[in-house]
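Input: a single structure, listed below in structure tokens.
The values are calculated or read from the model by the stated rules, or taken from the named source; none is laboratory data. Quick caveat: nothing in here was measured; it's all calculated off a predicted structure. Methodologically, a virtual Cβ is constructed for each residue, glycine included, from the backbone with ideal geometry; neighbour enumeration extends over all protein chains shown. In case anyone asks, the SASA skips ligands and DNA or RNA and just uses the protein heavy atoms, side chains included. Shrake-Rupley method; radii C 1.70, N 1.55, O 1.52, S 1.80 Å.
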Amino acid sequence: MYEIKRIFFDRKLIAVFAAVLICNCFVFYRENVSEYNDLEYYQENYLENYGKEYERIIGIYREMDIEEGADIASSKVSSMMNDISEGKEVDSIEIEVYANVSSQLSYLASYSNKYNMILENAEKIYRNKGLVREGTFSKRNVDKTVEDFKITENINVRLDSERAMEKLIGYGFSDYLVIVFVVALVLIIYKERKRDLWNYVYTLKNGRRNVAAIRTVTILLGSIFMEICLFAENIIMCRRFFGSFGDMTRAAQSNMMFNNLTLNINMLESILLMFLFKVLAAAVMGGIFWLLISNIKVPVISFAIFGTFIVLQYMAYTEIESVSSMKNFKYINIFSFMDGENMLGVYNNLNIFGYAFGKIVFLTILFLVLYGVINGGIILMGERKPFSSRSGRLLGKINIFGTKLFTYTSVMLHELWKLIIGQRVWIMGVLFFIVFASLTKSENVYFDYKSTVYNQYMEYISGGITEEKIQYLDEEIALWQKQIDETGRELEKYYNGEYEYNDSEILSLEKKIVKLNDGKSVAQELRAEGEELKQLSDNGYNAGYANKITYNMYIGNEGVNSSNLDGVLLMAFVVIITALIWSVDNQSNMTGIIRTSKWGRGRLLAVKTGISFFLAFLAETILFIMRYLQIDNTYGFSNMDLSAVSLKAYRSIEADISITGIIIAIYFLRLISLWLIICIVQYISCNSKNNVYSLAISGIVLILPGYLYYGGIDAMKYISPVKCVSVVSLWIGSRDEIIKFVIPMLVLFAAGCAAFGMLVKKNVKNILPVRKNIRILK
Amino acid sequence: MELVFEHLTKEYGNNKALNDFNACMKEGIYGILGPNGSGKSTLMNCITDNIKRTSGKILFNGEEILSMGSRFRQCVGFMPQQQGFYDNFTAYRFLFYIAGLKGIKRKAAKEQIDELLEIVGLESEKNRKLGGYSGGMRQRILLASALLGNPSIVIMDEPTAGLDPEERIRTRNFISKIAQDRIVLLATHVVSDIECIANQVIMLKKGKLIGQNTPYELMDSVKDKIYERVCSSGEIEMYQKKYKVGNIFQRQNGMVLRIVADEKPEEFEPVTGDVSLEDVYLYYLKGRE
């Protein structure tokens, strides 16, 4: 019991646990919710309104006979579509909800026929005797499929709210986080080895097999606990954003994602089953990792083997196609077992030496056996005398070589070593770079008609404003108008009965007119903008046409979402590296020696600040450039030398600053924000007795407000420094945005300056150092 | 070279950790004796300026150390009590790091580090990570780091803690050797260390200076206050309540109890010629309110 308590109350494990929950919440929000905040495509409070409407309509149809409801819903959708084509006002949310409910009802209505369809398919295959010879896997597979789906005849599916359930089933990121937690848990158990405590434990009465058995229980309990927490968090998030889970006693097949499930279970049982799969997989992984790390003297080798195993498993699961001859590697796989959607939603029989085995049963038995074997192995090996871990020979040699090579006395280089190698910040750096690279890869973007026309115009007219361009736009407007008139006349002939009535032709002409009007409005907007730009040009500005789509993505409103994400990541990186910079000295009780040294105060403060700022600068610059390249590859930058007033958002600027100037100003504004954040985190770190404390407090003070703000707590906008780091625009003109930016900036500025002042006072002047350190020194 | 303390006081709330401390130190070894909480570490931290004093002055060669700032710190070598390290650093890298903090140039640092590693007997272990060092090895590395830069004032808090007898003697001799032209402050609970090498003993109790003298003088001052007798285990318990009891020795004729007292107890016999600093400690610092 004490062993379990020691492990679960380990501060590092608690920190990992908190980080996993926060990360899960963030990714869930980002994957499932954040897109609905884009007001360009969705109404305000879209999710909430959609949810209410969905619940209302589900309430109406829930009591009806499914087939009758499906017919009514389908005709309702058709009538709404007609209303749209006739130009009538239709609530976009209502039609979306009806379309969704209608497809749900059609699925439910067709489900009763599922077994017959399976039978029909099977008969078709049987008829082709070349395909299904007796004694082959194909024949056994078809037989088993027919047999398995027989159960669906007795399943009564029902209509209910399915949105939350769908999100819960489809969200798989938690599975990776459980692996992270289990690995951390095993490492905490392993700490005993590192500290050479095994000598003591091994000699105790219950210090061998009993301790080994307790460790297997600990890994299982850890997996269960983490899964419960993640499931609870996911359920809360799904409930909060996607409404009710409905009646949990309805058949699991009521949800379209489980249409191929061949178990007679209800929704609650399906959740429990998914939970058990995940727990078992996590416990098996934890067991494998513990077996490796407790039996291989060099931990790096264990990491390498385990890492390779995980990567291979993941690649097999994601890269192997379901028709491949190697598909068994895809399905007999830890990630396949953890994926609830795959386990319960996708029907497969596995080909094991020519025999067809149901995936669910086979994998469950396999993993139970694996679990038993691994844990049995762990318990048996408990008798084996443990050993102290050591660095690998290669690492040892590199370390000695490094020591010989770096016989320098530069405090800066030693501090860098201490942080980057000693505190393993390089891992953070690599992760940061990988995440950025994946976030900023170029992608194909879908342009709506207006944007396409706009881009085409910009290819010709972008750059300085000329009479020729204005004239060209006038001609274009006339051309659009001419086409609109011609199409209108064509349409008129249908209306007047001159042409034979043709529904699709009329619809196509109507759509064409809408598009032509869109094109004309783009040309008109550009023409009107041309006038303004001409006037600005006459006033001495280097004004001209600049592509608003590109610049809005980089330094305008369109880029807010990606910029916020950049801001959160950048802040997380900066907070983590800076939080360790002083606390590592406090944790090692080195403060006394350092502060007594000649350069152990003011100069050290300068060095540490320089290092954190340099790393932050590096991260920010990499991010800024990567984002620039992504937007350049996707949209293309041009005319960056034009005055910023060429962009509507910056028209109120009086000074003649180029667009490049604005981009640089934003870049520096972000850097200043980072500098202020660094000051605050340094102050926290300087006053923290250890790394975990420093990381936790810094995270709470600096990252949490931003996290809560993006999570929906609006009041946090005033104190969230993420807003300052993720600034994409100088917010000229928009009062709301100015307030959103200026207030947190002022708060950050005041806090940053105060923190820096206190740091200087503490380290440069001869003032009391950390009280805790004094206690330690005593 | 002299280090002068004038009315040095340090208060933590109402508690006076150091109370009007006055002393003058010149080249030599100063052993600081005192029970836990007597103000030894506070005194050291005041000298290293790791804590802010409440009042008083510390003058180094007539100049206030606070106004000297880094010039003073350049003259100080500090060896705190055994503690954590940067476990990922090798001993060699750690000493170069400290040399960097002490503002020593690379070439001079290399010469000094090699020499000090040889003195503390860790030359062959210099490329091992500190995380794998034993307690004694860590102490020796701390000692080497304190002596880097040839400081004029060396402050050592429990320098021999965790060392085996042979290492302790070696370290003691080494401290004795380096103290020729330095001020060495030595705070320790191992009274024998002070007895062997200290030129002066400073006795602190509840932040107050109880006395300062050479070990010989101090031992001389208690030589007629030490008594012994052979007694049973039951009697020991009784005498422990009555007197300041020092060591209990196992002898052939039974257990010998040693006490310090101003007046000779009837049942005890005076001890002649066998006085140690432990007796001084007991007499001056134990139970005297």
Item checked: Filter pass, A:Asn539 being at pLDDT below 90 and open to solvent by less than 70 Å² (accessible area, probe 1.4 Å) -> no
Note to self: What pairs come out if I take residues in segment B:117-136 that are away from every other protein chain (no Cβ under 13 Å) and in contact (Cβ under 8 Å) with a residue 24 or more places away in the chain and pair them with residues that are of a type in the set (Val, Ile, Thr) and part of a helix (DSSP H, G or I) whose C-beta lies under 9 Å away, six or more apart or interchain?
What the structure shows: B:Val120/B:Ile141; B:Val120/B:Thr171; B:Leu122/B:Ile141
Notebook entry, point to check: Which residue out of A:Val146, A:Val186, A:Val180 is within 19 Å of A:Tyr355 (Cβ to Cβ) and part of a helix (DSSP H, G or I)?
Noted result: A:Val146
Next item on the list: Tell me, please, whether a residue that is in the same structural domain as B:Ser41 (by TED's automatic domain parsing) and either more than 26 Å from B:Ile183 (Cβ to Cβ) or charged (D, E, K, R) (or both) can be found in segment B:72-81.
Entry: yes
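Here is a list: B:Ile58, B:Ile65. Which entry is at pLDDT 90 or above, closer than 19 Å to B:Leu209 by Cα and more than 8 Å from every other protein chain (Cβ to nearest Cβ)?
Unique residue meeting the criteria: B:Ile58.
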Notebook entry, point to check: Tally time: how many residues in segment B:13-34 are farther than 24 Å from B:Ser176 by Cα, surrounded by 14 or more Cβ atoms within 10 Å (Cβ to Cβ) and of a type outside the set (Gly, Ala, Ser)?
Noted result: 5
Notebook entry, point to check: Any residue at all in segment A:253-269 that is buried (at least 18 other Cβ atoms within 10 Å of the Cβ), of a type in the set (Phe, Trp, Tyr) and part of a helix (DSSP H, G or I)?
Noted result: yes
Next item on the list: Test B:Tyr281 against the stated conditions and say whether it is surrounded by 14 or more Cβ atoms within 10 Å (Cβ to Cβ), under 30 Å from B:Asn15 (Cα atoms) and without any contact (Cβ under 8 Å) to a residue 24 or more places away in the chain.
Entry: no
Checklist line | Selection from segment B:87-101 of residues that are more than 7 Å from chain A (Cβ to nearest Cβ) and either open to solvent by 10 Å² or more (accessible area, probe 1.4 Å) or on the phi > 0 side of the Ramachandran plot (or both) | finding: B:Asp87
Notebook entry, point to check: If we only count helices (runs of 4 or more DSSP H) wholly inside segment B:87-166, which ones have 3 or more residues that are acidic (Asp, Glu) and closer than 30 Å to B:Gly69 by Cα?
Noted result: B:106-119
Margin query: Checking the conditions here, which among A:Ile125, A:Ile93, A:Ile118 is at negative phi and at pLDDT 85 or above?
Written below: A:Ile118
Check: Taking segment B:48-67, which residues are open to solvent by 20 Å² or more (accessible area, probe 1.4 Å) and of a type outside the set (Ser, Thr, Tyr)?
Finding: B:Lys52, B:Arg53, B:Gly56, B:Lys57, B:Leu59, B:Asn61, B:Gly62, B:Glu63, B:Glu64, B:Leu66
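Quick grid of which residues meet (1) farther than 22 Å from B:Gln180 by Cα; (2) at the interface with another protein chain (Cβ under 8 Å from one of its Cβ atoms); (3) surrounded by 19 or more Cβ atoms within 10 Å (Cβ to Cβ):
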residue: B:Asp114; (1), (2), (3): no, no, no
residue: B:Ser145; (1), (2), (3): no, yes, yes
residue: B:Pro151; (1), (2), (3): no, no, yes
residue: B:Asp164; (1), (2), (3): yes, no, no
Margin query: Just checking, does segment A:642-651 include any residue being part of a helix (DSSP H, G or I) and basic (Lys, Arg)?
Written below: yes
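Can you pull out the residues in segment A:491-501 that are in contact with a helix residue (DSSP H, G or I) (Cβ under 7 Å, 6 or more places away or on another chain) and open to solvent by 60 Å² or more (accessible area, probe 1.4 Å)? Explain how you work it out, then say what you get.
Within segment A:491-501, the first condition is being in contact with a helix residue (DSSP H, G or I) (Cβ under 7 Å, 6 or more places away or on another chain), and the residues that meet it are A:491, A:494, A:499, A:501.
Passing the criteria: A:Tyr499, A:Tyr501.
Of these, A:Val157, A:Val90, which one is in a loop (DSSP other than H, G, I, E, B), buried (at least 18 other Cβ atoms within 10 Å of the Cβ) and of a type outside the set (Lys, Arg)?
Sole residue among the options that is in a loop (DSSP other than H, G, I, E, B), buried (at least 18 other Cβ atoms within 10 Å of the Cβ) and of a type outside the set (Lys, Arg): A:Val157.
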Checklist line | For A:Val101: the one exception among (1) loosely packed, with under 14 Cβ neighbours inside 10 Å; (2) touching a Phe, Trp or Tyr at 6+ places or on another chain (Cβ under 7 Å) | finding: (1)
Next item on the list: Would you be able to tell me the number of residues in segment A:323-359 that are among the hydroxyl-bearing types (Ser, Thr, Tyr), under 19 Å from A:Thr262 (Cα atoms) and open to solvent by 40 Å² or more (accessible area, probe 1.4 Å)?
Entry: 2
Next item on the list: Read through the list (1) over 20 Å from B:Glu27 (Cβ atoms); (2) within 17 Å of the chain's Cα centre (by Cα), then give the number of the only condition that B:Glu228 fails.
Entry: (2)
Next item on the list: Find the helices (runs of 4 or more DSSP H) located wholly in segment B:174-289 whose residues include 1 or more that are within 30 Å of B:Cys75 (Cβ to Cβ) and either touching a Leu at 6+ places or on another chain (Cβ under 7 Å) or not assigned by TED's automatic domain parsing to the domain that holds B:Phe78 (or both), and list them.
Entry: B:191-197, B:215-221, B:277-285
Check: Given B:Gly234, B:Gly211, which one is touching a Phe, Trp or Tyr at 6+ places or on another chain (Cβ under 7 Å) and open to solvent by 10 Å² or more (accessible area, probe 1.4 Å)?
Finding: B:Gly211
Next item on the list: State whether the residues of segment B:40-47 include one that is crowded, with 16+ Cβ neighbours inside 10 Å, under 19 Å from the mean Cα position of the chain (by Cα), more than 8 Å from chain A (Cβ to nearest Cβ) and of a type in the set (D, E, K, R).
Entry: yes
Item checked: Subset of segment A:413-430 (residues that are facing chain B (nearest Cβ under 9 Å), crowded, with 17+ Cβ neighbours inside 10 Å and part of a helix (DSSP H, G or I)) -> A:His414, A:Glu415, A:Trp417, A:Lys418, A:Gly422
